[in-house]
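A short write-up of the structure that comes next.
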Amino acid sequence: MDKIVIEGGVPLKGKVFITGAKNAVLPILAATLLTSGRNEITNVPQMRDVSTMIHLLVELGGRIDSIQGDRLAFDTSDINNPEAPYDLVRTMRASCLVLGPLIARLGQAKVSLPGGCAIGARPIDLHIRGLEALGANIELQGGYIVGSAKKLKGARYYFDTISVTGTANVMMAAVFAEGETVLENPAKEPEVVFLADMLNLAGAKIEGAGGDEIIIQGVSSLKPIHCKIFPDRIEAATYMIAGAITAGEVEVTDCIPQHVEPLIMKLKQAGVNVETSKDSVKISTGNGFQGVDIQTHPYPGFATDIQAQFMALMTLARGQSLITETVFENRFMHVAELKRMGADIEIRGNTAIVKGVGHLSGAPVMATDLRASASLVLAALAARGESVINRVYHIDRGYPVMEQKLSGLGAKIKRVN
Ligand code: EPZ
């Protein structure tokens, strides 16, 4: 099991480049199932979840024509196997994104029900009900979701809860459904808008993505997808916070500042210096920063995927901050570990009351999920002394070459196994 060892207390300085967005590339890869030919995707981030999704698509009959660095050419002419096996799906929930495209393309799908996960039950009932609304017959058999449909038919479907991959799944299935589909209360995340745009470039007819209603007119086929993945807003947010928490001067480049607008506002409110340009954000802290309150919400609100990282920052703020998690029911797994480093945090229901302390102290800590791991890395970068972060495979799922990027900013960080 790899570990990351960090000697904290070094103000980070310099530029860090942001890679392609994990949560954008995963649905795009699933969408290639709707095409039949050579898909070409660039700026593909090299991380565990992406390899898992590509592995799954190969299992379904796809073929890697070439994969060099961040460029992937993937042929989906011979997609013929409707079954996504448990041993792959259990390692990555986003595998459920193949459900809609498989039913749309092959008329059938057998996808293992994703297990639970550290941050919550994360059911996929909204995905299933949406596919049923389009006429799919869905049953649960031995831990697998078995779906079939002769021909999907357009329908109106309302999401009781906003669901990012739920919206993507049903939208992809609707691309080949007969007639018009209207999705109400859809997710507005940039990753959903990007998916709709790329599907349209391949011949789909989707309007309204990013708004309150997505309207899809069914088509009979799509051309292969050719696209460049946009920068990862959560990675950008993480390195922005790294600059603030270490009282350094960090420029996050090749990012989209607009995608992290709520974080920028909150950092400014806390007294952090933030300068933005078209594709970069510069962070520095004059004389520290004060506690500010946040509540996570679906886009365009403050992203739940940035909550843990922001909490790490708030542990060193002047005064108190209230951090309320409204999206997932159990996304405070990082709190106990931050407290082992000296943070003063009390949980009341879905709110964490964080009282700033003078400093954190390095400690051995345990990563539990992707963004909690990032939060512990940030705290360790600011803490006095050495921290050892265990179970770093969580980090490898969503942060390409994190040690290299942080070392490039002057961090004393190394991976040991
Ligand atoms: C996506 O997960 C992201 N993953 C998550 O990022 C992110 O935290 C989440 O959206 C919220 O922004 C990918 O895009 C691959 P949801 P997703 O469906 O789609 C409940 C990361 O760190 N819900 O929007 O699975 C659910 O339990 C990951 O990169 C249902 O009840 O999240 C949650 O409470 C973590 N039934 C809420 O909705 C459903 O059928 C939002 O979940 C679906 C969801």
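The values are calculated or read from the model by the stated rules, or taken from the named source; none is laboratory data. Note that the structure is a prediction, hence the values are computed from the model and not measured. Don't worry about glycine lacking a Cβ; one is built from the backbone with ideal geometry, like all the others, and counts go over all protein chains shown.
Is one or more of the residues making up segment 307-325 part of a strand (DSSP E or B) and within 16 Å of the ligand (Cβ to nearest atom)? Yes: one or more hits. For segment 42-72, the set of residues classified as more than 22 Å from residue 405 (Cβ to Cβ), crowded, with 16+ Cβ neighbours inside 10 Å and either of a type in the set (Gly, Ala, Ser) or in contact with a Phe, Trp or Tyr (Cβ under 9 Å, 6 or more places away or on another chain) (or both) consists of 54, 57, 61, 62, listed by residue number.
Would you please name the residue that is farthest from the chain's Cα centre (by Cα), looking only at residues in segment 78-107 that are of a type in the set (S, T, N, Q) and at pLDDT below 95?
Ranking the qualifying residues of segment 78-107, first place goes to 91.
Determine if segment 293-303 includes at least one residue that is among the polar types (S, T, N, Q) and away from the ligand (no atom under 16 Å from the Cβ). No, there is no match, as no residue in segment 293-303 is among the polar types (S, T, N, Q) and away from the ligand (no atom under 16 Å from the Cβ).
Per the listing 373, 387, the residue uniquely under 18 Å from residue 236 (Cβ atoms) and polar (S, T, N, Q) is 373.
Here's the yes/no breakdown for (1) surrounded by fewer than 17 Cβ atoms within 10 Å (Cβ to Cβ); (2) small (Gly, Ala, Ser); (3) outside any loop (DSSP other than H, G, I, E, B):
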| site | (1), (2), (3) |
| --- | --- |
| 220 | yes, yes, no |
| 237 | no, yes, yes |
| 251 | no, no, yes |
| 262 | no, no, yes |
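Taking segment 91-126 as the range and being at positive phi and more than 8 Å from the ligand (Cβ to nearest atom) as the test, only 107 passes.
Restricting attention to segment 119-156, the residues that are part of a strand (DSSP E or B), of a type outside the set (A, V, I, L, M, F, W, C) and buried (at least 22 other Cβ atoms within 10 Å of the Cβ) total 1.
I need the full set of residues from segment 352-378 which are within 16 Å of the ligand (Cβ to nearest atom) and among the polar types (S, T, N, Q), in order please. Don't jump to the end; show me each part of the working.
Residues of segment 352-378 within 16 Å of the ligand (Cβ to nearest atom): 367-378.
368, 373, 375 - these are the residues of segment 352-378 that are within 16 Å of the ligand (Cβ to nearest atom) and among the polar types (S, T, N, Q).
Close contacts from segment 297-315, counting a first residue that is farther than 21 Å from residue 395 by Cα and in contact (Cβ under 8 Å) with a residue 60 or more places away in the chain and a second that is of a type in the set (Gly, Ala, Ser) and within 7 Å of the ligand (Cβ to nearest atom), with Cβ to Cβ under 8 Å and a gap of 6+ residues or different chains, come to 298/187; 299/187. Whenever a residue of segment 213-238 is more than 13 Å from residue 200 (Cα to Cα), its partners that are aromatic (Phe, Trp, Tyr) and within 16 Å of the ligand (Cβ to nearest atom), lying with C-beta atoms within less than 7 angstrom and at least six residues away or across chains, give the pairs 230/194; 235/399. Residue 149: within 16 Å of the ligand (Cβ to nearest atom) and touching a helix residue (DSSP H, G or I) at 6+ places or on another chain (Cβ under 8 Å), yes or no? So residue 149 does not fit the description; no. Consider residue 216 against the criteria (1) under 23 Å from residue 370 (Cβ atoms); (2) touching a Lys or Arg at 6+ places or on another chain (Cβ under 8 Å); (3) surrounded by 24 or more Cβ atoms within 10 Å (Cβ to Cβ): it satisfies all of them except one. Which criterion is unmet? With (1) under 23 Å from residue 370 (Cβ atoms); (2) touching a Lys or Arg at 6+ places or on another chain (Cβ under 8 Å); (3) surrounded by 24 or more Cβ atoms within 10 Å (Cβ to Cβ) applied to residue 216, the lone miss is (1).
Of the residues making up segment 151-170, those that are touching a residue at least 60 places away in the same chain (Cβ under 8 Å) and hydrophobic (A, V, I, L, M, F, W, C) are 152, 162, 164, 168, 170.
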